[in-house]
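We did not get these values from a lab; they are worked out from the coordinates using the rules stated. Given the structure is predicted, the values throughout are model-derived calculations rather than measurements. Please note: Cβ atoms are built from the backbone with ideal geometry, for glycine as well, and neighbour counts cover all protein chains shown.
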């Protein structure tokens with residue numbers, strides 16, 4: 001699979017098969033992704049990957065807390081700006097509507113939507129759950145470095161026949177994640193990521209989100 005194919009077939013997978021992913025494969029993906037660029041070669045990313053019993057233990061802990069903390073524990077950062085403006089507001093709205101349409105959940109069915117969203121906190125059934133962190137003293141440039149590392153992980157996953165779902169939704173459980181992983185105090189949770197084999201029969205995995213035309217976000221001059 002070439003890079004263009006990996007980019008074209010990458011998607012946010014929200015239903016996985018229970019098929020285990022070998023440790024060697026996970027190691028190869030995380031190792032290969034370290035070639036991602038970072039300013040000054042800081043390599044600010046830190047990754048924690050869970051599978052097997054540790055993953056089951058962690059998810060059981062989250063399930064035990066959801067009844068009393070249905071919205072999590074809060075987040076150390078804002079995932080979206082307050083009062084999101086156009087065209088970003090419409091893009092986000094359409095993404096959500098298109099996703100729920102694949103599973104036949106109407107906008108007014110708040111309970112069904114909440115239950116689907118809660119699937120984030122099961123890693124959508126993936127056999128591997130990962131967390132990406134960085135030193136909280138780092139700034140926006142280093143956050144972008146971590147993003148490039150995560151993108152590299154997602155593309156290498158496609159090369160191995162796997163799919164992923166990047167999940168900033170995990171940021172609202174930063175305290176529990178930090179305690180479970182025994183994160184040092186200087187590390188801040190940025191995002192989770194589900195990794196595994198896509199369930200091809202799941203309707204929600206048919207979602208293909210729109211992309212703006214090139215002319216909407218790029219200007220080419222002097223060509």
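For the reader, a short list of remarks on this structure follows.
- Value of D in µm² per second that Stokes-Einstein yields for the stretch 66-115, Kirkwood Rh from Cα pairs, at 25 °C (0.890 mPa s): 188
- What the Cβ-Cβ distance of residue 28 and residue 136 gives, at R0 = 30 Å and to the nearest 0.05, is a FRET efficiency of 0.55.
- Distribution of pairwise C-alpha distances over the stretch 1-103, 10 Å bins, in %: 9, 22, 38, 29, 2
- Computed from label points 7 Å out along Cα-Cβ, the spacing between residue 59 and residue 85 is 4.2 nm.
- Reciprocal of mean inverse Cα separation for the stretch 113-223 (Kirkwood radius, Å): 16.3
- Hull volume in cubic angstrom per residue (convex hull over the Cα atoms of the chain): 159
- Relative contact order of the chain, pairs being alpha-carbon contacts under 8 Å that are 6 or more residues apart, as %: 40
- Distance from the stretch 1-25 to the stretch 37-103 (C-alpha centre basis), Å: 18
- Shape category assigned to the stretch 108-177 from the gyration tensor of Cα positions, a/c cut at 1.5: oblate
- Ranked packing of 35-45, 104-114, most packed first, by mean Cβ within 10 Å: 35-45, 104-114
- Cα-projected label distance for residue 69 with residue 118, points at 7 Å along beta-carbon direction, nm: 1.6
- Shape of the stretch 137-177, Cα gyration tensor, a/c cut at 1.5: oblate
- Each Cα pair under 8 Å and six or more residues apart adds its sequence gap; the mean of these over the residue count of the stretch 145-223 is a relative contact order of 31 percent.
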